[in-house]
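*Asks:* My questions all concern the structure below.
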Amino acid sequence: MTHETTQGLWLSGNEAIALGAYEAGVKVASGYPGTPSTEILENLCTYQGVYCEWAPNEKVGLETALGASFVGARALATMKHVGVNVAADPLFTASYTGVRGGLVLVSADDPEMHSSQNEQDNRNYAFAAKVPMLEPSDPSEAKEMVGAAFRLSEELDTPVMLRITTRVSHVKGVVTKGVREEAPVAIGIEKVPGKLVMLPAMARKRRVYVEERMAKCKRLAEAYPYNRIEDGDRQRGFVTSGVSYLYVKEAFPEAAVLKLGMCWPLPEEMIRSFAAMVGELIVVEELDPFLETHIKAMGIPCRGKELIPNQGELNTAIVREAIDPASKPQLFAPVELPNRPPNMCAGCPHRGIFYNLSRMKLFVSGDIGCYTLGFLPPLSAMDACVCMGASVPIAHGMVKALGEGSHDKVVSVIGDSTFLHSGITGLVNSVYNGSAATLIILDNRITAMTGQQHNPASGGSILGDPAPSLDLEGLCRAIGVKHVFTVNPHDVVETRKVLKAAVELSEPSVVISRAPCVLLPEMKERRPVSYFTNQDNCVGCMSCIRLGCPAISWTAFAEGEAVARGYRATQKGVSKIDEILCNDCGQCASLCKFNAITRGEGKK
């Protein structure tokens with residue numbers, strides 16, 4: 001939420017990037033939701049004059065932005081760090097084609113893996129793809145660097161990467177509001193096939209240009225305004241960038257610092273000059289020794305990862321203690337907090353599927369989404385999870401390796417948005433190559449994990465306007481799947497029958513589990529009639545407890561308490577439903593054989 005102060009706007013880093021893109025004259029923006037980048041497009045789409053969309057995946061998002069750039073529009077592509085892996089194909093070639101209107105790719109990295117499956121450092125992409133990269137330290141700088149990135153893109157005829165991290169994405173800061181500028185390039189078709197058609201003959205010519213461009217950018221970096229030396233105590237000098245700069249300034253406020261706002265290419269002469277000023281050069285950066293490696297390659301002595309951890313997020317205390325261990329007592333110790341393991345919401349449609357899978361002797365190849373929580377106890381019903389879309393081909397590969405005579409059964413589980421992101425080709429491969437694995441598509445009508453964003457199957461655009469809703473059943477049949485089933489996962493018993501039938505087939509099969517996410521606005525606005533526990537009928541079988549629903553709790557009996565309360569002496573306790581948390585899904589009621597779980601209308 002945007003708040004205005006007397007000094008300016010109080011914005012998160014993501015909100016600031018959206019404002020910066022708007023003020024830079026961005027006309028087209030595309031991307032795929034992924035924490036910590038999601039809120040950029042969610043905010044940018046609220047500005048007039050900017051076309052925004054959720055793409056099916058990051059590759060399509062970058063290609064859409066590149067197309068807009070080819071006709072002269074300033075265009076933005078946003079994604080989290082692992083999304084750049086998906087978009088790498090067009091990124092590396094876009095470095096050769098260059099741009100017409102400015103093109104900026106935002107990579108939101110996630111040190112500490114707050115919501116990610118790996119901790120990659122995407123500064124390496126700028127190096128490998130041979131494109132400039134800017135890295136802001138706070139929301140104000142993030143907003144300003146967006147405009148700078150577009151100007152740099154057009155000046156050098158190149159895509160420019162803007163790297164942020166989770167801390168910069170979500171921290172709040174004061175941001176000065178400006179005015180929207182008009183992009184300098186007139187929008188229209190301009191045919192330049194020698195520049196844009198990357199056949200080998202043309203690509204070889206553009207390869208030469210890429211090196212010339214990066215040499216020019218390297219010279220520009222020496223006087224780039226976001227690269228600066230802050231003089232101070234020269235006993236130690238720090239080279240740093242991004243949010244690490246703030247940690248250094250807090251930990252060693254008197255020290256001399258070289259702040260690199262352009263983290264690729266590096267200003268070699270500026271670094272040499274700074275190194276000559278200080279007694280010892282220390283590089284402070286999160287994750288990989290990116291700056292350190294390139295500085296050492298220049299022949300400049302420095303220390304870095306021998307002091308600073310190469311895993312996880314940094315903070316002021318870590319930086320201070322790594323460099324000056326004696327200072328530890330002077331710093332605030334972290335407060336120990338109780339563990340709060342993640343859990344599917346009460347009423348989540350995925351729970352019924354994973355409850356059934358946990359009771360079937362199957363290998364479950366999982367994917368990226370809320371449903372990855374099916375791995376956790378008490379469901380414990382996911383055996384592998386690698387990356388977006390991988391569940392389907394991993395299951396296919398397992399089936400082929402096990403062979404036709406194997407009694408081991410393998411299923412893959414994927415969400416509707418993830419299926420459209422990168423699961424379709426896996427299913428095509430499974431059908432084409434005769435896999436017998438069952439695919440379960442968890443269609444909760446939304447991209448839930450990242451905050452309820454629409455996708456091509458949900459029936460809404462990024463603004464929530466009506467949009468075509470892809471027919472998942474029709475798509476699977478068009479691919480060649482003969483056995484397509486649709487189930488209501490809240491009916492746990494009936495769903496299990498369908499799953500068992502699908503798994504026994506010797507041909508590819510798809511089970512579409514369809515029920516809306518309980519956090520959808522229409523579901524939240526609907527006042528549910530909750531279930532409650534008739535404890536007189538509860539026999540303590542714990543069938544409902546095994547669902548792992550946060551609305552259901554267990555009260556254990558002390559010795560002798562069961563008889564005193566009128567239960568069998570062997571009964572160990574009773575379950576209870578929190579009627580405030582209950583979302584009326586009925587999964588627990590479908591499992592209870594003793595009429596101990598009753599819907600609210602029957603309560604007296």
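The values are calculated or read from the model by the stated rules, or taken from the named source; none is laboratory data. In this text, all values refer to a predicted model and were calculated from it rather than measured experimentally. Please note: Cβ atoms are built from the backbone with ideal geometry, for glycine as well, and neighbour counts cover all protein chains shown.
Yes/no matrix, rows are residues, columns are (1) surrounded by 14 or more Cβ atoms within 10 Å (Cβ to Cβ); (2) more than 25 Å from Gly83 (Cβ to Cβ); (3) touching a helix residue (DSSP H, G or I) at 6+ places or on another chain (Cβ under 7 Å):
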{"site": "Pro136", "(1), (2), (3)": "yes, no, yes"}
{"site": "Glu141", "(1), (2), (3)": "yes, no, no"}
{"site": "Glu144", "(1), (2), (3)": "yes, no, yes"}
{"site": "Leu152", "(1), (2), (3)": "yes, no, no"}
{"site": "Pro159", "(1), (2), (3)": "yes, no, yes"}
{"site": "Leu162", "(1), (2), (3)": "yes, no, yes"}
{"site": "His170", "(1), (2), (3)": "yes, no, yes"}
{"site": "Val174", "(1), (2), (3)": "yes, yes, yes"}
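*Asks:* Which residues, taken from the range 89-134, are over 21 Å from Cys52 (Cβ atoms), among the small types (Gly, Ala, Ser) and touching an Asp or Glu at 6+ places or on another chain (Cβ under 9 Å)?
*Replies:* Those that are over 21 Å from Cys52 (Cβ atoms), among the small types (Gly, Ala, Ser) and touching an Asp or Glu at 6+ places or on another chain (Cβ under 9 Å): Gly98, Ser116.
*Asks:* With respect to Glu285, determine if the residue is modelled with pLDDT under 95, outside the structural domain of Gln120 (by TED's automatic domain parsing) and buried (at least 16 other Cβ atoms within 10 Å of the Cβ).
*Replies:* Against the criterion (modelled with pLDDT under 95, outside the structural domain of Gln120 (by TED's automatic domain parsing) and buried (at least 16 other Cβ atoms within 10 Å of the Cβ)), Glu285 does not qualify.
*Asks:* Which strands (runs of 3 or more DSSP E) does the range 1-79 wholly contain that include 3 or more residues that are over 20 Å from Ala467 (Cβ atoms)?
*Replies:* 9-12
*Asks:* Further question on the same structure: All but one of (1) within 23 Å of Gly34 (Cα to Cα); (2) in contact with a strand residue (DSSP E or B) (Cβ under 9 Å, 6 or more places away or on another chain) hold for Ala255, so report the exception by its number.
*Replies:* (1)
*Asks:* Give all pairs with beta carbons closer than 7 Å in which a residue from the range 542-565 that is more than 18 Å from Cys585 (Cβ to Cβ) meets a residue that is in a loop (DSSP other than H, G, I, E, B) and small (Gly, Ala, Ser); count only pairs at least 6 apart in sequence or on separate chains.
*Replies:* Partner pairs satisfying both residue conditions: Ala562/Ala569; Val563/Ala569.
Per-residue answers, yes or no, for (1) touching a strand residue (DSSP E or B) at 6+ places or on another chain (Cβ under 8 Å); (2) at pLDDT 95 or above; (3) under 25 Å from Ile446 (Cβ atoms):
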site	(1), (2), (3)
Met360	no, no, no
Ser365	yes, yes, yes
Pro378	no, no, no
Cys387	no, no, yes
Ser391	yes, yes, yes
Val399	yes, no, no
Glu404	no, no, no
Val411	yes, yes, yes
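*Asks:* Run down Asp465, Asp491, Asp471 and say which single residue is more than 16 Å from Val411 (Cα to Cα) and under 25 Å from the mean Cα position of the chain (by Cα).
*Replies:* Asp465
*Asks:* Can you tell me which of (1) surrounded by fewer than 16 Cβ atoms within 10 Å (Cβ to Cβ); (2) modelled with pLDDT of 95 or more is the one Pro329 doesn't meet?
*Replies:* In the conditions (1) surrounded by fewer than 16 Cβ atoms within 10 Å (Cβ to Cβ); (2) modelled with pLDDT of 95 or more, Pro329 misses (2) alone.
*Asks:* Further question: Only one of these conditions is not met by Asp110: (1) surrounded by 21 or more Cβ atoms within 10 Å (Cβ to Cβ); (2) modelled with pLDDT of 95 or more. Which number is it?
*Replies:* Just one mismatch for Asp110, condition (2).
So that you can scan it fast, the table gives a plain yes or no per residue for (1) in the same structural domain as Pro309 (by TED's automatic domain parsing); (2) under 28 Å from the mean Cα position of the chain (by Cα); (3) touching a residue at least 24 places away in the same chain (Cβ under 8 Å):
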| position | (1), (2), (3) |
| --- | --- |
| Glu212 | no, no, no |
| Lys216 | no, no, yes |
| Phe238 | yes, no, yes |
| Ala251 | yes, no, yes |
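*Asks:* When the range 114-148 is examined, which residues are found to be in a helix (DSSP H, G or I) and free of Cβ contacts under 8 Å to residues at least 60 places away in the same chain?
*Replies:* Tyr125, Ala128, Ala129, listed by residue number.
*Asks:* Moving on to the next point. Residue by residue through the range 194-252, note down the ones that are assigned to a strand (DSSP E or B) and among the basic types (Lys, Arg).
*Replies:* Passing the criteria: Arg228, Arg234, Arg236.
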